[in-house]
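Chemist: The following block contains the structure, expressed as structure tokens.
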Amino acid sequence: MADKCDLCLLGLIILSSLLTGISGVIENVFISSGENVRLPCNNALSDCKSTTWIHKRFSQSEYVGVIVGGIKNKHTERHERLSLGSDCSLNRKNVTEEDSGLYTCRQYVNGEKQGTDVGVYLHVLHVSVSPSSSSSSSSSQSEISPGRSVTLSCQLYSFAGLSCDRWVRYEGLQLLWVNQAGVNLTTDSRYQISSDHCIITLTTTLLNEDDNREWRCQLTLRNQLKTSVRYTVKYSASETEVSVTAGSLFRVIVIIVEMAVFAAPTVILLQIICARRAGRKDSQHPEEIEMPTILQ
């Protein structure tokens, strides 16, 4: 049964290659969003002027020439993050999930296709965050604060022609949430973790001490780490300022109360002493008291 499944997967890859015109080497590159990537072109001729790179997104059907005749196509989206290496490799900066898909390196000389194509599948691992207790659909960091429930979704974006589910079933692909020490978070009851094909989610209620805490989503293939994407909890400055202000005000109130408690006996004692001194002065100079009567 396993052999038949392997043959099915191989058949899909061959079929995908035929449909896209790829008859040469096919490579898989795994990377996390936000990083830079280099896609090799192993069929390049001596001059990159013959090199054309074609991209097909995982979510779209059309093919787009991002490099044509060794020159960057400036009419394509996010072309400013593209460059051609000296070895005709394709370089992308600050990769996003939209950059995933099939890349084909093809050679043309005098308008005629030369040799076989090289196909590179770019798989991008990306994490999105959604505070479930927020009424807003935005997932900006400003909504992250202690006491809120937060859900992190880690997804592998791949080429549509190759089902991610097949990678999980037959190629041993696995997604995992770990902490900074690399410990699997499924062992901690504080976290609720669920997975579905190439998406794994982590849900937890944030604590005060979670500020600057890091969680990692790891991708392994046949028990080998291919890439990982990190998410660091960042509380907003306003939340921090409110916390500090409230704490400072509480300390000031405590100090005032303590001063009042310790100062009260001292004030009473001073009043008693002053009253006694005034009484002694009155007894030593009685004439001063009777003088108004004599003057009358």
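Coordinate-derived values only; no laboratory data. As the structure is a computational prediction, the values presented were derived from the model and not from experiment. Please note: Cβ atoms are built from the backbone with ideal geometry, for glycine as well, and neighbour counts cover all protein chains shown.
Chemist: Could you work out the pair-distance distribution P(r) of the range 22-123 from its alpha-carbon pairs, with 5 angstrom bin width and percents rounded to whole numbers?
Modeler: Reading the bins upward from 0: 3, 14, 26, 28, 19, 8, 2, 0.
Chemist: What is the local net charge at Tyr157, summed over the other residues whose Cβ is closer than 11 Å to its Cβ (Lys, Arg +1; Asp, Glu -1)?
Modeler: That sum, taken over residues with Cβ under 11 Å, equals -2.
Chemist: As an exercise, identify the trypsin sites (Lys or Arg not before Pro) in the range 39-110 lying in DSSP coil whose Cβ has no more than 15 other Cβ atoms within 10 Å.
Modeler: Lys74, Arg78, Lys93
Chemist: Placing unit charges on C-beta atoms (Lys and Arg positive, Asp and Glu negative, everything else neutral), compute the dipole magnitude of the range 22-123 about its Cα centre in debye, rounded to 20. Numbers along the way, then the final one.
Modeler: Working: 12 positive and 12 negative charges, 39 e Å.
Its charge dipole is roughly 180 debye.
Chemist: Sticking with this one: Starting from 0.36 nm per residue, how many nanometres of slack lie between Thr220 and Arg190 once their C-alpha separation is accounted for?
Modeler: 8.4 nm
Chemist: Let me ask something else about it. Please list, in chain and number order, the residues 5+ apart from Phe159 or on another chain whose amide H is under 5 Å from its amide H, with Hs placed from the backbone.
Modeler: Gly101
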